[in-house]
1. Could you list, in sequence order, the residues of the stretch 1-12 that are outside any helix (DSSP H, G or I) and either at pLDDT below 85 or surrounded by fewer than 19 Cβ atoms within 10 Å (Cβ to Cβ) (or both)?
2. Identify, from the list Leu64, Leu46, the residue that is assigned by TED's automatic domain parsing to the domain that holds Glu14 and in contact with a Lys or Arg (Cβ under 9 Å, 6 or more places away or on another chain).
3. Among the residues of the stretch 68-75, are any touching a residue at least 24 places away in the same chain (Cβ under 8 Å) and in contact with a Pro (Cβ under 9 Å, 6 or more places away or on another chain)?
4. Among the residues of the stretch 40-58, how many are in a helix (DSSP H, G or I) and either within 16 Å of the chain's Cα centre (by Cα) or under 10 Å from Leu24 (Cβ atoms) (or both)?
Amino acid sequence: MAGKVVGRVFALPETIVKGFEKFLLVALANYCGDDGRGAYARVATLAKDITRTERQTRRLLRRLEDRGLIAEDAPPRQHRARTWRLVLPQGGHSYVRSEKSTETSQADRQGGHFARQGGHSYVRRSVN
């Protein structure tokens with residue numbers, strides 16, 4: 001399991017990805033390397049992992065691909081599944097869960113951005 005990639009998926013705010021799309025990204029992250037490449041799971045396996053049908057899973061994969069969060073790394077071949085690459089936004093920022101509401105107001109004053117998810121604030125901070 002690529003712990004760094006899973007952490008980056010969980011750090012995505014709800015404005016970017018939510019619900020079963022995020023669940024599918026986590027499932028894909030379980031099959032990829034630390035660089036986000038090589039997620040080699042079959043659609044049937046992913047569907048079982050996220051408790052959806054194969055058709056729903058294909059639809060979710062298409063949505064994630066259309067939005068640029070995943071890309072095909074290698075096409076399917078005989079006896080081999082399609083390989084996906086996770087293209088998660090980096091941009092020198094990470095989304096950190098804020099414990100105090102003062103951090104969001106400080107982020108506003110310093111030109112930062114924040115997103116709300118489940119009653120918690122996520123403040124975008126530069127990673128140096």
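1. Taking the stretch 1-12 as the starting set, the residues that turn out to be outside any helix (DSSP H, G or I) are 1-2, 12.
Residues satisfying the conditions are Met1, Ala2.
2. Details: Leu64 fails: in contact with a Lys or Arg (Cβ under 9 Å, 6 or more places away or on another chain).
Testing whether each residue is assigned by TED's automatic domain parsing to the domain that holds Glu14 and in contact with a Lys or Arg (Cβ under 9 Å, 6 or more places away or on another chain) leaves just Leu46.
3. Of the stretch 68-75, the ones touching a residue at least 24 places away in the same chain (Cβ under 8 Å) are 69-70, 73.
Next cut, in contact with a Pro (Cβ under 9 Å, 6 or more places away or on another chain) only: 69.
For the stretch 68-75, residues touching a residue at least 24 places away in the same chain (Cβ under 8 Å) and in contact with a Pro (Cβ under 9 Å, 6 or more places away or on another chain): present.
4. Of the stretch 40-58, the ones in a helix (DSSP H, G or I) are 43-50, 54-58.
Checking the rest, the ones that are also either within 16 Å of the chain's Cα centre (by Cα) or under 10 Å from Leu24 (Cβ atoms) (or both) come to 46-47, 49-50, 56-57.
Result for the stretch 40-58: 6.
The values are calculated or read from the model by the stated rules, or taken from the named source; none is laboratory data. Remember, it's a predicted structure, so these values are computed and weren't measured experimentally. Ideal geometry is used to build each Cβ from the backbone, glycine not excepted, and the neighbour counts take in all protein chains shown.
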